[in-house]
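Okay, so here's the structure we're looking at.
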Amino acid sequence: QVQLVESGGGLVQAGGSLRLSCAASGSIGSRTAMAWYRQPPGKQRELVAQVTSGGTTVYGDSVKGRFTISRAKNTVYLEMNSLKPEDTAVYYCNLLNEVIGIPDWGQGAQVTVSS
């Protein structure tokens, strides 16, 4: 079983910055991708950014140039700059076993950007 513990959410004014962290522990496979998804109020969950076991990164179009994902072994970070009110959402950490394709999810961290 995999545990994902997120931290770093909160309230920030538009234009500000926040950093999210997610530490994975437990039965982690040897090849995993880690990612951040978010779910704004009343909307579907969407990919924010992902980093694969090989270091390849992918970003959602709405965050390119503002957010940066990074990884240190089994901890993933999301540096969020130039935040906008539309970035308000619950942010979920995701770990994907690349061999068997099974994902695990964190409990979510609220990010609120005020205008």
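The values are calculated or read from the model by the stated rules, or taken from the named source; none is laboratory data. Fair warning: this is a prediction, and the values are worked out from it, not measured in the lab. Backbone-built Cβ (ideal geometry, glycine too); neighbour counts: all protein chains shown. The area values use the complete protein model at the heavy-atom level, side chains included, leaving out ligands, DNA and RNA. Shrake-Rupley method; radii C 1.70, N 1.55, O 1.52, S 1.80 Å.
Across region 62-96, what is the number of residues that are part of a strand (DSSP E or B) and touching a strand residue (DSSP E or B) at 6+ places or on another chain (Cβ under 6 Å)?
Residues in region 62-96 being part of a strand (DSSP E or B) and touching a strand residue (DSSP E or B) at 6+ places or on another chain (Cβ under 6 Å): 19 in total.
Please enumerate the residues belonging to region 71-81 that are of a type outside the set (A, V, I, L, M) and under 10 Å from the mean Cα position of the chain (by Cα).
Of everything in region 71-81, those that are of a type outside the set (A, V, I, L, M) and under 10 Å from the mean Cα position of the chain (by Cα) turn out to be Y77, E79.
Does L47 qualify as being in a strand (DSSP E or B), of a type in the set (A, V, I, L, M), touching a Phe, Trp or Tyr at 6+ places or on another chain (Cβ under 9 Å) and open to solvent by 40 Å² or more (accessible area, probe 1.4 Å)?
It is true that L47 is in a strand (DSSP E or B), of a type in the set (A, V, I, L, M), touching a Phe, Trp or Tyr at 6+ places or on another chain (Cβ under 9 Å) and open to solvent by 40 Å² or more (accessible area, probe 1.4 Å).
Just need a number here: residues in region 97-107 that are in contact (Cβ under 8 Å) with a residue 60 or more places away in the chain and not in a loop (DSSP other than H, G, I, E, B).
Selection size over region 97-107: 3.
With the checklist (1) under 29 Å from S115 (Cβ atoms); (2) under 12 Å from the mean Cα position of the chain (by Cα) in hand, flag the one item G65 doesn't pass.
If we test G65 against (1) under 29 Å from S115 (Cβ atoms); (2) under 12 Å from the mean Cα position of the chain (by Cα), just (2) comes out false.
Here is a list of conditions, (1) open to solvent by 10 Å² or more (accessible area, probe 1.4 Å); (2) part of a loop (DSSP other than H, G, I, E, B); (3) touching a strand residue (DSSP E or B) at 6+ places or on another chain (Cβ under 6 Å); (4) at pLDDT 95 or above, and G29 meets all of them except one; can you say which number that is?
The single condition G29 does not satisfy is (4).
Quickly run through region 90-110 and pick out the residues that are open to solvent by less than 10 Å² (accessible area, probe 1.4 Å) and over 11 Å from the mean Cα position of the chain (by Cα).
Correct list: empty.
Given the options S21, S17, S53, name the one that is open to solvent by 50 Å² or more (accessible area, probe 1.4 Å), within 21 Å of D104 (Cα to Cα) and touching a residue at least 24 places away in the same chain (Cβ under 8 Å).
Only one candidate qualifies: S53.
Could you please find all residues in region 56-89 being open to solvent by less than 30 Å² (accessible area, probe 1.4 Å), among the aromatic types (F, W, Y) and under 25 Å from S30 (Cα atoms)?
Of everything in region 56-89, nothing turns out to be open to solvent by less than 30 Å² (accessible area, probe 1.4 Å), among the aromatic types (F, W, Y) and under 25 Å from S30 (Cα atoms).
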